[in-house]
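Each reported figure results from applying straightforward, stated rules to the coordinates on display, with no laboratory input. Note that this is a predicted model, so its numbers are computed, not measured. Neighbour counts run over all protein chains shown; Cβ positions are idealised from the backbone, glycine included.
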Amino acid sequence: MFKKGPSAGFSYMFLLIILFSFFIRIPAVAAPHLETDEMIYQTLACQILIAPSHYSLQGTSILKTLPKQMYDRPVFFHPPLFVVCLAFMTFLFGSKWAVMVSVVSGVGTIILTYDICRRLYDDKKALMAAAIAFCCPLLLFCSTRILIDMFLAFLISLTVWSFLIAAQSNTRSYFIYSGIIFGLSLLTKQVGLLILLTCVYILFKEGFSKQKFISFIYFLFTAILICSPWYLYFYKIYHTISPWWAMPSHELIKVYPFIRMMVNRPWHFYFTCWAVIAPVYLLTFFNILYSIKSKRISPEIIWAFSFLIPLTLLGLNGWGFQTRYVVPAIPALAILCANVLDTKDRWVQVLGVLFLCVGFITGILNSLVFRPEEIFPFYVLMRIHA
């Protein structure tokens, strides 16, 4: 059964959060987007506007400043959906509006965090989860930059949201719609596959049945239909679907200081960086420990760990650590935090609000005022984990 809509009071507060979320991101339109990854995506968008089949950096001026073994390739190693959206926005409104893809994705992720939490719990926790996502410095930073991770986080959240509706309604057409969205996430970045475990848990946590299994096949088959043309094309070009050349080599680690820092970070990077960047996420560990102790594993725990653990293993395997890689796990972390803050313990609430303020101020400074490496805590974080 579907839950009733939120009460008027919660609706007005949620609307204020969304309006302010959009308002503080608008300055990104006027800001320069000159970071290396941003320039890469903007260049690719220009490339496909000129020639839709030329999804490559070959023949562009930016290639002179990039590692040739990673970028001098006939086809770029990430799937093309994000760049296609950038190109579409550029074509309609001009290049400075391309960042709106990230802005809308960021605000959309907050909206989805609210409704996912509302479906799993109640209106009060949903509003808390939305407020936590609103204050998240990493979510704010990525949604004011032309980066693929924010767009992926939105599609991952949309996949979970649509799959929850499908599971609650037990309607196969909804599983097909959810499969379309999941397929689009796979057309954005390969790690979108990691959300599949969360979907499996949501559907089968109450038990296995033939009807559920058939519905899941509808979901999975639809996703494969959506993304398979790209992966077949990629395989035809490279004879693999894994872009192994994107892994930093020993030569690149020696030449590029940032790559060396990214590869040499410790195994606990993804777990400790939250404490520095957004201390409110420290509360998630109390929720996780309590859930494990009481043997009540929730979907958001599976969601968070589905990204944190595999990406940690990939980082240890030489692919490197960047905090923004786990942005798709932020909605899950926000919901976990909301469960902790929904308490009558005044000290926990005060501590949570203090942590939220620290994270929000950090996000404003790093996203709208300074570059990330110029101020605390990003400055400290980069040296702690160097």
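I want to verify a result. In a Gaussian network model of the chain, Cα cutoff 10 Å, which of these has the top mean-square fluctuation: F91, F141, F321?
F91
Given that just one value was derived from the coordinates, which of (1) 27, 61, 12, 0; (2) 28, 57, 14, 0; (3) 26, 54, 19, 1 is P(r) over Cα pairs in 20 Å bins from 0, in percent?
The value computed from this structure is option (1).
Grab the Cα-Cα distance for T272 and C357, subtract it from 0.36 nm times how many residues apart they are, and report the gain in nm with one decimal. Kindly include the intermediate steps, with their values, before the conclusion.
On the way: separation 85, 0.36 × 85 = 30.60 nm, distance 1.88 nm.
My answer for the length gained is 28.7 nm.
Checking the a/c ratio against 1.5 first, then a/b against b/c, what shape does the Cα gyration tensor give for segment 104-260? Walk me through the numbers on the way to the answer.
Details: a/c = 2.45, a/b = 1.24, b/c = 1.97.
Note, shape of segment 104-260 comes out oblate.
Relative to a virtual label point 7 Å from the Cα of C46 in the Cα→beta-carbon direction, which members of segment 60-88 show backbone nitrogen distances below 11 Å?
60-63
So what is the 222 nm mean residue ellipticity for the chain from helices alone, if each DSSP H run of at least 4 adds -39500 (n - 2.57) and you divide by all residues, rounding to the nearest 500 deg cm²/dmol? All intermediate terms of the calculation are to be shown ahead of the outcome.
Numbers: 19 runs with 253 residues, N = 386.
Only helices count here, giving -21000 deg cm²/dmol.
Shape verdict for segment 163-212, please, from the Cα gyration tensor: rounded (a/c under 1.5), prolate (a/b greater than b/c) or oblate. Could the numbers behind the result be given before it?
Details: a/c = 2.82, a/b = 1.56, b/c = 1.81.
Oblate, because a/c is 1.5 or more while a/b does not exceed b/c.
Straight-line reach from K212: which lysines have a Cα under 25 Å away, not including same-chain ones fewer than 8 places off?
Reachable lysines: K3, K4, K295.
Pull up the cross-link candidates among the lysines for K64, meaning alpha carbon to alpha carbon under 21 Å and not fewer than 8 places away within one chain.
Straight-line reach from K64, under 21 Å: K254.
Using 7 Å Cα-to-Cβ label points, what is the S209/K344 separation (nm, one decimal)?
The answer from the label model is 3.8 nm.
Provide the net charge surrounding L152, with neighbours chosen by a C-beta distance below 11 Å and charges set as Lys +1, Arg +1, Asp -1, Glu -1. Please list the in-between numbers first.
Values: positive: K189, R324; negative: D149.
With Lys, Arg at +1 and Asp, Glu at -1, the neighbours total +1.
Dividing the Cα convex hull volume of segment 278-361 by residue count, how many Å³ per residue is that? Numbers along the way, then the final one.
Details: hull volume 8.2 nm³, N = 84.
It is 97 Å³ per residue.
Need the list of aspartates and glutamates near K68 for cross-linking: C-alpha distance under 12 angstrom, and skip anything on the same chain fewer than eight residues off.
K68 reaches E251.
Run the dipole for the chain about the Cα centre, Lys and Arg Cβ at +1, Asp and Glu Cβ at -1, nothing else charged, and hand back the magnitude in debye, nearest 20. If you can, show how the numbers build up before the last one.
On the way: 29 positive and 15 negative charges, 127 e Å.
That gives a dipole near 600 debye.
Once the other residues with Cβ under 12 Å from the Cβ of L112 are scored (Lys, Arg +1; Asp, Glu -1), what is the net sum? Please list the in-between numbers first.
Details: positive: R118, R119; negative: D115.
Net charge in that neighbourhood comes out at +1.
Local charge sum around I217 (other residues, Cβ-Cβ under 15 Å, Lys/Arg +1, Asp/Glu -1)?
Values: positive: R172, K210, K212; negative: none.
Net local charge, I217 excluded: +3.
Which is the longest part of the chain that has none of the trypsin sites (Lys or Arg not before Pro) sitting in a DSSP loop with at most 16 other Cβ atoms within 10 Å?
Numbers: sites that count: K3, K4, K205, K295, R296, K344.
It works out to 5-204.
To the nearest Å, what is the center-to-center distance of segment 288-332 and segment 81-135, using C-alpha atoms only?
20
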